[in-house]
Amino acid sequence: MRVQQRKIKPKQRQAQFAPPPPPKGANRALQARMLEGYSPARVIRLSLYLAVFQVALLIVGVILFLLFKDLPLRLEDALVFLVAIVVPGTLIWPALVLALRDRKASPDLVQGQMVSAAPVSTVYGLGMLQIRTRQKDAYLNVERRLLKQIPQNQVQVAARVTPNLHHVASLQVMGPRYGGNVPTEIPEQFRYAERFPLIALGGTYAAVFGLGLVMLVLPLYGSVLWLHLLLVPGVMAVAAVAARFILQFLQKRLEAQLQPAT
């Protein structure tokens with residue numbers, strides 16, 4: 001007798017948690033990756049704080065502009081402070097545009113099976129939730145307080161997400177709960193890694209424009225006035241290059257510390 005055998009495909013392993021892919025499409029320029037997942041109210045509040053800082057920089061720049069008597073110093077002062085005001089705005093203004101849109105838009109429903117959840121994400125202060133929908137895997141930056149209600153077993157979840165900032169306004173768990181909830185405490189080795197992007201941006205900004213301001217107010221007048229035209233941009237450029245190499249070294253060192261011990 002011929003025995004008919006049936007081949008059984010091995011079950012696929014559960015997908016490991018990975019950061020979301022970079023955004024694609026025409027709206028990529030408006031995708032504020034650093035603030036994606038924050039609520040519109042929080043983004044608007046951060047924008048107000050930034051506006052106060054920019055106004056303070058503008059006042060300092062105008063005062064120095066009035067104090068300087070030489071035209072080259074005045075032009076250099078205007079250029080330095082204009083760049084110092086615009087650079088941090090490029091990180092917040094795109095997110096502000098999306099927040100204003102989300103205030104009038106209706107949240108989208110993202111429903112599917114939870115694949116994984118973690119208290120650390122690519123955005124400071126938020127966790128990450130991976131949901132497998134019928135079309136694709138959705139990666140959502142979610143507030144850690146919402147992770148407390150998610151069990152560790154793979155359950156069906158439904159999230160209300162704003163269409164622009166992708167802020168998870170509400171999260172509902174459907175199905176039986178087994179085991180404990182997803183832990184919201186950040187592992188010790190990830191605490192510094194979470195703050196590293198903010199420290200890197202703030203440190204680079206302070207070093208570049210702080211040294212530029214020091215060079216700008218140096219008492220170089222008369223026959224050596226032209227040195228300002230070389231010192232200010234030269235020192236700022238050197239500070240930017242040095243910050244890049246220092247940050248690359250620190251990032252590689254941090255990645256090595258985060259690697260699991262073998």
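The values are calculated or read from the model by the stated rules, or taken from the named source; none is laboratory data. The structure displayed is predicted, hence computed values, not measured ones. All Cβ positions, glycine included, derive from the backbone under ideal geometry; neighbour counts span all protein chains shown.
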Item checked: Set Val123, Val115: member being in contact with a Lys or Arg (Cβ under 8 Å, 6 or more places away or on another chain), over 30 Å from Gln248 (Cβ atoms), of a type in the set (Val, Ile, Thr) and crowded, with 16+ Cβ neighbours inside 10 Å -> Val115
Note to self: For region 132-181, give me every one of the strands (runs of 3 or more DSSP E) that falls completely inside it and has 3 or more residues that are touching a Pro at 6+ places or on another chain (Cβ under 6 Å).
What the structure shows: none
Margin query: Just to check your reading of the model, which residue among Leu129, Leu140, Leu98, Leu91 is touching a Leu at 6+ places or on another chain (Cβ under 8 Å), surrounded by 15 or more Cβ atoms within 10 Å (Cβ to Cβ) and modelled with pLDDT of 90 or more?
Written below: Leu98
Margin query: From the list Tyr38, Tyr49, exactly one residue is modelled with pLDDT of 90 or more, part of a loop (DSSP other than H, G, I, E, B) and outside the structural domain of Leu126 (by TED's automatic domain parsing). Which is it?
Written below: Tyr38
Checklist line | Exclusive hit being modelled with pLDDT under 85 and touching a helix residue (DSSP H, G or I) at 6+ places or on another chain (Cβ under 8 Å), set Leu225, Leu211 | finding: Leu225
Margin query: I'm told Val241 meets every condition in (1) under 27 Å from Leu75 (Cβ atoms); (2) surrounded by 13 or more Cβ atoms within 10 Å (Cβ to Cβ) except one. Can you identify the failing condition by its number?
Written below: (2)
Check: Can you tell which of Leu58, Leu64 is surrounded by 15 or more Cβ atoms within 10 Å (Cβ to Cβ), modelled with pLDDT of 90 or more and not small (Gly, Ala, Ser)?
Finding: Leu64
Item checked: Candidates Arg145, Arg160, Arg195, filtered to the one that is of a type in the set (Lys, Arg) and in contact with a strand residue (DSSP E or B) (Cβ under 7 Å, 6 or more places away or on another chain) -> Arg160
